[in-house]
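Right, one structure below, let's go through it.
The values are calculated or read from the model by the stated rules, or taken from the named source; none is laboratory data. The structure presented is a predicted model; accordingly, all values stated were derived computationally and were not measured. As a convention, Cβ positions derive from the backbone with ideal geometry for all residues, glycine included, and neighbour counts pool all protein chains shown.
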Amino acid sequence: MNDHTPEVPLFMRKLSGSAPSVNKTDLTPLAVASMIKECDELIAKLETWKAKAEPTPPVTQPATVTPKRWTFTLAEIEEAAEDSCGFCLACGAINSCCEPDARRYPCESCEAKRVYGTDELAMMGRIV
Ligand SMILES: [Zn+2]
């Protein structure tokens, strides 16, 4: 058995009998204070290890991300209808050159085939 395990303070090895035994008369107040200091240092080290071992909690994103658009106001739909535009139900982007009855057109913005014309959106109950 190796007596020189670096992580274990000398006084602990002495007390556990793995190092040359300590005479009880050696436990002067100064020696005890030194042991306490060693203990504190060990605890601090353990806390550091513990902090390193614990996974960092995931950073929660603040709710500032623009929510996906599933519904549109009547004004938005009317404006889109006038300009022959439709809306993408995947990303919410307005798409031009979109017939009112268009369904599953590819989105100019996100390329998802989820662009619907204004009539379709109305029938789907997407107007609020
Ligand atoms: Zn899109």
*asked:* For the range 90-116: of the residues being more than 13 Å from the ligand (Cβ to nearest atom) and in contact with a helix residue (DSSP H, G or I) (Cβ under 8 Å, 6 or more places away or on another chain), which is nearest to Ile77 (Cα to Cα)?
replied: Pro100
*asked:* Being farther than 15 Å from Thr71 by Cα and without any contact (Cβ under 8 Å) to a residue 60 or more places away in the chain: is that true of Cys91 here?
replied: no
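Sort out which residues of the range 13-27 are assigned to a helix (DSSP H, G or I), surrounded by 12 or more Cβ atoms within 10 Å (Cβ to Cβ) and at pLDDT below 70, and write them in order of number.
Filtering the range 13-27 down to residues assigned to a helix (DSSP H, G or I) leaves 13-16, 24-26.
Retained after the next criterion (residues that are surrounded by 12 or more Cβ atoms within 10 Å (Cβ to Cβ)): 13-15.
Listed by number, the residues that qualify are Lys14, Leu15.
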